[in-house]
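The values are calculated or read from the model by the stated rules, or taken from the named source; none is laboratory data. Source: prediction; values computed, not measured. Please note: Cβ atoms are built from the backbone with ideal geometry, for glycine as well, and neighbour counts cover all protein chains shown.
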Ligand code: HEC
């Protein structure tokens, strides 16, 4: 019986690690690799490539509206699905970030949508740098 209990506990723990929401530090690394050249090390839009870009890279510390972080909008901008709200085409697409395992993520509509883990991690990071 004890053996059975510890086995099922182990399985539950494995299941939990696989679907846990990534934390901000995981996204911070992806941010440094993919975004900081333009959006700057602290997200303020002052990266080394930003100098003569037009339109200028956005200040990513100002994404929240009235304290609400617009997860769905930010996700669709990063994954290139919807750029209709952007004035320019200056931001590249990030196919690599769409690879790998998906995790269930509530993007604000209460529905858990399977989301590639790198995207969810970036989202957690961006959310963490809002004021
Ligand atoms: C080559 C430069 C460049 C890189 C790299 C880049 N961006 Fe951008 N980004 C821009 C520019 C320029 C804009 C301004 C809008 C446009 O393209 O018209 C923008 C806009 C955005 C916006 C919209 C902000 C708003 O207020 O609507 C988000 C969110 C964003 N970027 C996130 C990211 C993330 C996350 C990464 C890394 C995965 C990234 N960007 C990488 C140049 C870049």
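Some values worked out for this structure:
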| read-out | value |
| --- | --- |
| Residue satisfying all of: in region 63-79; in contact with a helix residue (DSSP H, G or I) (Cβ under 9 Å, 6 or more places away or on another chain) and part of a loop (DSSP other than H, G, I, E, B); surrounded by the most Cβ atoms within 10 Å (Cβ to Cβ) among these | 63 |
| Among (1) surrounded by fewer than 14 Cβ atoms within 10 Å (Cβ to Cβ); (2) at pLDDT 95 or above - the single one residue 1 does not satisfy | (2) |
| Long-range neighbours under 8 Å by Cβ, at least six apart or interchain, first residue touching a residue at least 24 places away in the same chain (Cβ under 8 Å) within region 51-63, second assigned to a helix (DSSP H, G or I) | 53/38; 57/38; 57/39; 60/39; 60/126; 63/74; 63/126 |
| Single unsatisfied condition, residue 31 versus (1) within 7 Å of the ligand (Cβ to nearest atom); (2) in a loop (DSSP other than H, G, I, E, B) | (2) |
